[in-house]
Protein chains: 2
Amino acid sequence: MSGMGDFDDVLTANENYAAAFVDSGLPGQAGKGLAVVTCMDSRIDPLNMLGLAKGDAKIMRNAGGRVTEDVLRTLVLATHLLGVERILIVEHTDCKMATATAEAVHRRIFEASGVDTRSLEFALMDDQLQALAQDVQKVRSSPYLPKGIVVGGFLYDVRTGRLREVL
Amino acid sequence: MSGMGDFDDVLTANENYAAAFVDSGLPGQAGKGLAVVTCMDSRIDPLNMLGLAKGDAKIMRNAGGRVTEDVLRTLVLATHLLGVERILIVEHTDCKMATATAEAVHRRIFEASGVDTRSLEFALMDDQLQALAQDVQKVRSSPYLPKGIVVGGFLYDVRTGRLREVL
């Protein structure tokens, strides 16, 4: 159990959300056949960034927007079962995952907290566009996705709001 | 390269987004110290559901909102480097990942597409609340997260918009 009241602020906000909620009967299918793989970064609002509404797209997010096994598992389900036909993989500017080496991150965490994270693979990016190219190719090469799925690689500028197709 | 024009609709919508974009200079830190782990489901709009704005929270999403290695990796970075102190793990009603056995999903995909996915672990849920309890505990037991992080387990009702704290 979390402590009593630890989440009161968001639960109270949710009461307002629910009070104004209109059930439009949306199914679990992706209405526009889209999936977006992107970073957990708090500055990215995937739906608004792409002019989408609730119901349109499946969203996958992790540190760096990397195509991990978890993302591939999710894409298999999203494409075969939930109507996804187009996949956007979206990196962004000013990404923490592209600005330091794993060694430096492990050291920084250890020095600040005493936690030794060196057994974890952080999937940081030395070269962000190269990492994006690898990730796009990883999706295209997956033997588990349906034929004909469209995959694009994109870069989002957190300072301008602009999305650029790069691959 | 994806085909020319495959993403024209969202790129055009993004031009409008960028045209109206105001750079508020948000940093990469989570302004409200929050992380949300939830499902890719297209009916979930995490920021609005919790009354949050861009900049407030790190968002992690995959099939089922499961706490995978990828999510743990992401939480380690989010807590140690990006200001996250509270983590919400949010399951939802009518989740495809909680309505079928892995065997049935593998069979359904094979019959529809000829793709044999049986070597993949889909992380489906026989018992959604039990899976949520395991996932919450997985985060609490992680030796790689800072001491004092608060973790809660929640269920979101896609028909009413209401979020309930269950763990």
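The values are calculated or read from the model by the stated rules, or taken from the named source; none is laboratory data. Model, not experiment: these values are computed from the prediction. Don't worry about glycine lacking a Cβ; one is built from the backbone with ideal geometry, like all the others, and counts go over all protein chains shown.
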Output for Cβ contacts, cut-off 6 Å, separation at least six or different chains, first residue aromatic (Phe, Trp, Tyr) in the stretch A:91-112, second loosely packed, with under 14 Cβ neighbours inside 10 Å, reads A:Phe110/A:Asp116
Could you tell me whether B:Ala123 is under 21 Å from B:Glu69 (Cα atoms), of a type in the set (Gly, Ala, Ser) and at pLDDT 95 or above?
yes
Let me confirm something: among B:Leu81, B:Leu72, which residue is surrounded by fewer than 24 Cβ atoms within 10 Å (Cβ to Cβ), without any contact (Cβ under 8 Å) to a residue 40 or more places away in the chain and in a helix (DSSP H, G or I)?
B:Leu81
In the set B:Glu85, B:Glu111, which member is more than 10 Å from every other protein chain (Cβ to nearest Cβ) and either closer than 27 Å to A:Arg118 by Cα or not basic (Lys, Arg) (or both)?
B:Glu111
If you take the residues of the stretch A:134-159 that are under 30 Å from B:Gly25 (Cα atoms) and assigned to a loop (DSSP other than H, G, I, E, B), which of them is farthest from the chain's Cα centre (by Cα)?
A:Arg159
Could you go through the stretch B:84-98 and let me know if any residue there is among the small types (Gly, Ala, Ser) and either touching a Ser or Thr at 6+ places or on another chain (Cβ under 9 Å) or in a helix (DSSP H, G or I) (or both).
yes
In the stretch B:41-61, which residue that is in contact (Cβ under 8 Å) with a residue 24 or more places away in the chain and closer than 21 Å to B:Leu124 by Cα is farthest from the chain's Cα centre (by Cα)?
B:Arg43
Boolean, B:Thr74 is of a type in the set (Ser, Thr, Tyr) and farther than 22 Å from A:Leu47 by Cα
no
Which of the numbered conditions does B:Val105 fail, given that it passes all the others? Conditions: (1) surrounded by fewer than 19 Cβ atoms within 10 Å (Cβ to Cβ); (2) more than 18 Å from the chain's Cα centre (by Cα).
(1)
Positions within the stretch A:150-164 being closer than 14 Å to A:Ile89 by Cα and crowded, with 18+ Cβ neighbours inside 10 Å, in sequence order:
A:Val151, A:Gly152, A:Gly153, A:Phe154, A:Leu155, A:Tyr156, A:Leu163
Number of positions in the stretch B:1-24 that are more than 30 Å from B:Ile89 (Cβ to Cβ) and at pLDDT 95 or above:
16
Residue check, B:Gly64 against (1) surrounded by fewer than 23 Cβ atoms within 10 Å (Cβ to Cβ); (2) more than 7 Å from every other protein chain (Cβ to nearest Cβ), all met but one. Which one?
(1)
Filter result (assigned to a loop (DSSP other than H, G, I, E, B) and among the polar types (S, T, N, Q)) within the stretch A:45-69
A:Thr68
Selection within the stretch A:124-167 - at the interface with another protein chain (Cβ under 9 Å from one of its Cβ atoms), out of contact with any strand residue (DSSP E or B) (no Cβ under 8 Å at 6 or more places or on another chain) and among the charged types (D, E, K, R)
A:Lys147, A:Arg159
Complete set of residues in the stretch A:21-30 that are in contact with a Gly (Cβ under 6 Å, 6 or more places away or on another chain) and either touching a residue at least 40 places away in the same chain (Cβ under 8 Å) or not in a loop (DSSP other than H, G, I, E, B) (or both)
A:Gln29, A:Ala30
Given (1) under 12 Å from the mean Cα position of the chain (by Cα); (2) over 18 Å from B:Arg164 (Cβ atoms), where does B:Val37 come up short, assuming only one miss?
(2)
So which residues in the stretch B:1-56 are facing chain A (nearest Cβ under 7 Å) and touching a Cys at 6+ places or on another chain (Cβ under 9 Å)?
B:Gly28, B:Asp41
